[in-house]
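One structure is given here, and the rest of the page talks about it.
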Amino acid sequence: AGSVPKGTPADIYGRLVRLCNSRDARAVLDVDGALMAPGLAAKPYLIKPNIDELSRLCGKELKTAKDCIIPVKKLIADGIDRVVVSLGGDGALFASADGIYHAHGLKVTVRSTVGAGDSMVAAICVALDRGYDIGKMISLAVATSAANVTCSGTQAAEWSVIEPLINQVSWEKL
């Protein structure tokens, strides 16, 4: 996830994804720009772009969850098992061959958006590791991200802030 130090080969995420795949590990990719293409080509298990990153990836401005459906379906058809698109205050899309789900955003007081996507990825990884079903994964990921934005700076949300939000998450299958 994220940027890399100066001088790092542009295909570093592709290399890391291939390494994970060779060890039967599930690679989760959350990068942007020139780092994205080599990572995607290696077929990670899951990618988590935000709507702006997905727009750049498909070369078309996407504004709504519905705008993202065709590009997400294409990524899945191209061999990415799961795609999660964060939509800011509009929630997130969670997609796989089993379907596309739109999780609605929670109304919270935003102090800082720094780390919101990272906290969502962390929650998704916890859900995958624990074998959560799609509903439980969506609820944990959206609640964790929403809780994170209520914190100032780069401070991560405590479980006591995340837990009450879990039952407030609503989603629908598209």
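Hey, among the residues in region 106-127 that are in contact (Cβ under 8 Å) with a residue 40 or more places away in the chain, out of contact with any strand residue (DSSP E or B) (no Cβ under 6 Å at 6 or more places or on another chain) and among the small types (Gly, Ala, Ser), which one's surrounded by the fewest Cβ atoms within 10 Å (Cβ to Cβ)?
SER112
Would you pick out the residues in region 34-55 that are open to solvent by 60 Å² or more (accessible area, probe 1.4 Å) and farther than 22 Å from ALA103 by Cα? Before the answer, list the steps.
Let us first name the residues in region 34-55 that are open to solvent by 60 Å² or more (accessible area, probe 1.4 Å), namely 34, 37, 41, 43, 52.
Residues satisfying the conditions are ALA34, ALA37, ALA41, LYS43.
Pairs needed: first member in region 56-76, closer than 17 Å to LEU40 by Cβ; second member anywhere, open to solvent by less than 60 Å² (accessible area, probe 1.4 Å) and charged (D, E, K, R); C-beta distance under 8 Å; at least 6 residues apart or different chains.
What qualifies is ARG56/ASP32.
Restricting to region 115-144, name every residue that is of a type in the set (Gly, Ala, Ser) and more than 11 Å from the chain's Cα centre (by Cα). Don't jump to the end; show me each part of the working.
Residues of region 115-144 of a type in the set (Gly, Ala, Ser): 115-117, 119, 122-123, 127, 131, 135, 139, 141, 143.
Scanning region 115-144 gives GLY115, ALA127, GLY131, GLY135, SER139, ALA143.
In this structure, does ALA65 turn out to be more than 27 Å from ALA10 (Cα to Cα) and within 13 Å of the chain's Cα centre (by Cα)? Step through it out loud before you land on a result.
Values: more than 27 Å from ALA10 (Cα to Cα): yes; within 13 Å of the chain's Cα centre (by Cα): no.
In short, no.
Of these, ARG111, ARG82, which one is basic (Lys, Arg) and in contact with a Phe, Trp or Tyr (Cβ under 8 Å, 6 or more places away or on another chain)? Before you say what the answer is, go through the steps one by one.
Values: ARG111 fails: in contact with a Phe, Trp or Tyr (Cβ under 8 Å, 6 or more places away or on another chain).
The match here is ARG82.
The values are calculated or read from the model by the stated rules, or taken from the named source; none is laboratory data. Nothing here was measured: the structure is a model prediction, and the numbers come from that model. Because the Cβ atoms are built from the backbone with ideal geometry, glycine has one as well, and the counts that use them run over all protein chains shown. We work out accessible area using only protein heavy atoms, side chains counted, and drop any ligands, DNA or RNA first. Shrake-Rupley method; radii C 1.70, N 1.55, O 1.52, S 1.80 Å.
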